[in-house]
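Enquirer: Mind looking over this structure? Questions follow.
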Amino acid sequence: MAKTGLMTWLLYSTLFAALLLNSHAANANERKVHIVYMGDRPKGDFSAKATHHSMLTSVLGRSSSAQESLVYSYGNFNAFAAKLTEEEVQKFSEMDGVVRVIPNHILKLHTTRSWDFLGLSQTNVGAQLQGDVVIGLLDTGIWPEHESFNDQGLGAPPSKWKGTCQGANFTCNNKIIGGRYYNSENWYYEGDLKSPRDSEGHGTHTSSTAAGDRVPGASYYGLANGTARGGVPGARIAMYKVCWSFGCGAADILAAFDDAIADGVDIISVSLGSVFPVPYDVDPIAIGAFHAMKYGILTSSSAGNSGPWPYSVSNYAPWTLTVAASTIDRKFVAKAVLGNGKAFTGLSINSFELYGKTYPLIWGGDAANYSAGASQDLSKYCITGSMNSYKVEGKIVFCEVLWDGTGVLLANGVGTIMADDEITDFAFNYPLPATQISTSDGEKILDYIKTTENPIATILLGETLTDYMAPYVVSFSSRGPNPITPDILKPDLTAPGVDILAAWSPIAPPSIDWEDPRSVDYNIISGTSMSCPHASGAAAYVKAAHPDWSPAAVKSALMTTATVVDPNKHEDLEFAYGSGQINPTQAIKPGLVYDANETDYISFLCKQGYNTTTVRLITGDNSSVCGNTLNGRAWDLNYPSFSLAVEDGKQIDGVFTRTVTNVGSANSTYTVQMYSPPEFSISVEPEVLSFSTIGEKKSFTVKVGGGFISQQKITSGAIIWTDESEQYRVRSPVVVYNVLPGYTFLPPQTSKFQKKPTTFHGPTTPSMHHKNGFLGRN
């Protein structure tokens, strides 16, 4: 009888949901979401929302219909998404200026999507030497029993390995071959584990993204179902736990770098950083990475989550690889459906199934906890502690800001619909049914609540949509220019960092509520913490193919072969994406590389104003001497990109010297192509480079010139070396921009900004405040 009752309940629930959504389904069959793409964002004063609303009104006939039809109005490129009939689709397709009208297909994408999106499919996982490559991660630890870290098919660790496993409750295998933990302050809070074991999930996620084994059937409560894997499934992992619930100690970071070097890692992955600029000589990551570079180890680091503010980029030392975060071609959404049949699509990784059942819908402003001192002005935002549980219990609450859901959850609410336009390009997972809609849709829901006697709603299970505009750099990804050395372009490149599914610690909360009691094996989160291990995995992929390459050579290969990102989607151009999106399969055959060694970087530091004493602090080598080196620009550092900062009112005039090493065909000739905007010109001398052997080096000079400029935002061009067979294409961006007088050269003791603004991205993309000398995770 119980089973029959359950089936009957499910049947009636399903039928009721179908009846509730019937009118919506009919409308959906008539109107379907399409993307109207128009390419470039027009120059000058341009209001995207107003323009797109006007276009929709001209086709749909009424302003109210246009408002209801519009789903997204994209700001950094000229496009919008709207619900259109086939006839309306045809009208837009025939409009002047419309490039394409793209159907919004709903697909069931796989977990491997981020690596597949980069062209690194399961059938193309790299050289047989992957097992000799060790990736060391400085993070929150790792969960060693996770299936992503099984060692099936792996032999003993490489003979070079000197590492160890610490902790009585932590066991290594042939996949995780090292595990250490560091806590110089001896601070432990509830949940912290005195071992390399991960209690926060962050380190487990980054480790599996870089080098996790293939695990079929992985998902987050059914979302993103597929085969989980890292970029180099055959590589080994060593975890250096430096981050705890309070942050990451600078002393611990340096100790971890020191051990990683001694242990024999090949790549170091660092998804953490300071939240404000610091000179190289007080930056533990810069110092540690310099040590690693001397021993042939490349440090891959996250750019930070303080975007889209300029000068917000972290980890900007030229000997590190600095990675921004960009999207892949999927996004997670959840629909809120009202009792009148209207549905609103919002961003959410919603794992909760209400089976179409409706619940009373209230406005947060009508549920203030007056006994706790709250008011309507506070409770309308559903801030934790402001909600009246007598009014919220058993209901769905409409909130006027993006929050973590705990305000409604702790007041015994069923779910929450949040209206907020601040975040429009990535989603959160919540501890209860939730979705984040636009403020304009929020106004419609609030109107429904206030004009309906018994308003009801439901929140549907999350869906996966195709994002046809990908890749584009996400809003939270930190931007350049370089706050310390304007002549070094940062970030270096971008990699997937939005809505990434990877392994998770089973004792870590799966949502942005740190008290969420659920346990999951895989989680979907966003951050430059997620893009960094993608680049680390790509670097390991290159290192496996070319084990004798220097860190600078590996970095150069990744940068010069990167896929060019559409500049029309980014007002800040290379300050958002650097050289472009990583392309691992192409990076193993770059043709030419811009190599550099310790001597080059010491010369760079001396010209940046560091004296012998401070250089020795950074290098850890008492033989480092600046001598009579004069302070100057960084134009002769052999870097794979070109950055020219021009003081306001000065002329565009820069001369760069570079040397490339042939790693392609022995007998080859490369010819250069130059691309530049009207604001400046580029010349290269010589324009042809001929090589007769592998490893041969050739030098050239790049001159960038133009008129006097002031208040000029970033403009960019490129130089591209192509061999006669067109097998190799070596691309380097060239950027020109204005800075304030006196900021083309900054003494080591100063930084352009002592503090920078931060934005809330939730615990899934930690951007923790700097305090007591500790660094936050990115």
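The values are calculated or read from the model by the stated rules, or taken from the named source; none is laboratory data. If you're wondering where the values come from, they're calculated on a predicted model, not measured in any experiment. Don't worry about glycine lacking a Cβ; one is built from the backbone with ideal geometry, like all the others, and counts go over all protein chains shown. Protein only, heavy atoms only, side chains kept; ligands, DNA and RNA dropped before computing areas. Shrake-Rupley method; radii C 1.70, N 1.55, O 1.52, S 1.80 Å.
Enquirer: So what's the stretch 545-679 giving for Cα Rg divided by 2.2 N^0.38 Å, two decimals? List each step's numbers first, then the result.
Expert: Numbers: Rg = 17.5 Å, N = 135, 2.2 N^0.38 = 14.2 Å.
In units of the globular-protein estimate, the stretch 545-679 measures up at 1.23.
Enquirer: How much length is gained if the chain between residue 612 and residue 743 is pulled fully straight, taking 0.36 nm per residue apart and subtracting their Cα-Cα distance, in nm to one decimal?
Expert: Numbers: separation 131, 0.36 × 131 = 47.16 nm, distance 2.29 nm.
So the chain would gain 44.9 nm between residue 612 and residue 743.
Enquirer: Using label points projected 7 Å from each Cα along Cα→Cβ, tell me how many nm separate residue 659 and residue 439, to one decimal.
Expert: 5.6 nm
Enquirer: Rolling a 1.4 Å sphere over the protein heavy atoms, what is the accessible area per residue of the stretch 330-466, to the nearest Å²? All intermediate terms of the calculation are to be shown ahead of the outcome.
Expert: Working: 4980 Å² over 137 residues.
Heavy-atom SASA per residue in the stretch 330-466 reads 36 Å².
Enquirer: OK, next. Quick one: what do you get for the stretch 217-353 if you divide its Cα Rg by 2.2 N^0.38 Å?
Expert: On the way: Rg = 19.9 Å, N = 137, 2.2 N^0.38 = 14.3 Å.
Relative to the 2.2 N^0.38 Å estimate, the stretch 217-353 comes out at 1.39.
Enquirer: Mind checking the full-extension length gain between residue 159 and residue 703? Use 0.36 nm per residue of separation minus the Cα-Cα distance, one decimal, nm.
Expert: Values: separation 544, 0.36 × 544 = 195.84 nm, distance 4.76 nm.
Full extension from residue 159 to residue 703 adds 191.1 nm.
Enquirer: To the nearest 0.05, how large is the calculated FRET efficiency for residue 186 and residue 295 if R₀ is 35 Å and r is the Cβ-Cβ distance?
Expert: On the way: r = 29 Å, r/R0 = 0.84.
Using R0 = 35 Å, I get an efficiency of 0.75.
Enquirer: Please list 3J(HN,Hα) in residue order for the stretch 502-511, calculated via the Karplus relation 6.51 cos²θ - 1.76 cosθ + 1.60 where θ = phi - 60°; whole Hz, with x for glycine and proline.
Expert: With coefficients 6.51, -1.76 and 1.60, one gets 7, 4, 9, 6, x, 9, 9, x, x, 10 Hz.
Enquirer: If you don't mind, another one. Using a cut-off of under 20 Å, list every residue of the stretch 226-261 whose amide N is near the label point 7 Å from the Cα of residue 145 along the Cα-to-beta-carbon line.
Expert: Output list for this probe position: 239.
Enquirer: Report the net charge of residues surrounding residue 536, where surrounding means a beta-carbon distance below 14 angstrom and charges are Lys +1, Arg +1, Asp -1, Glu -1.
Expert: Values: positive: 236, 543, 555; negative: 139, 266, 492.
That sum, taken over residues with Cβ under 14 Å, equals 0.
Enquirer: Another question, then. Suppose all protein chains stay in the model; what accessible area per residue would a 1.4 Å probe give for the stretch 126-205, in Å²? Please report the intermediate quantities before stating the final value.
Expert: Details: 3500 Å² over 80 residues.
Per-residue value: 44 Å².
Enquirer: Once all Cα-Cα distances of the stretch 330-466 are split into 5 Å bins that start at 0, what whole-number percent is in each one?
Expert: Cα pair-distance distribution for the stretch 330-466, in percent: 2, 12, 23, 25, 21, 11, 4, 1, 0, 0.
Enquirer: Provide the per residue accessible area, probe 1.4 Å, for the stretch 484-637, rounded to a whole number of square angstrom.
Expert: Values: 4300 Å² over 154 residues.
That works out to 28 Å² per residue.
Enquirer: A follow-up question, please. I'd like the carbon and sulfur percentage of the solvent accessible area for the stretch 567-682, probe radius 1.4 Å, heavy atoms only, ligands and nucleic acids excluded. If you can, show how the numbers build up before the last one.
Expert: Numbers: 2040 of 4450 Å².
It is 46 percent, rounded to a whole number.
Enquirer: Starting from the Cα of residue 630, step 7 Å along the direction of its Cβ; do the same at residue 245; then give the gap between the two resulting points in nm.
Expert: 5.7 nm
Enquirer: Continuing with the same structure: Give, in nm to one decimal, the length gained when the segment between residue 598 and residue 648 is fully stretched (0.36 nm per residue of separation minus the Cα-Cα distance). If you can, show how the numbers build up before the last one.
Expert: Details: separation 50, 0.36 × 50 = 18.00 nm, distance 3.36 nm.
Additional length available on full extension: 14.6 nm.
Enquirer: Hey, another quick one. Order 648, 600, 139, 258 by their accessible area, 1.4 angstrom probe, all chains in place, largest first.
Expert: Details: 648 40, 600 60, 139 5, 258 100 Å².
Reading off the accessible areas and sorting them downward yields 258, 600, 648, 139.
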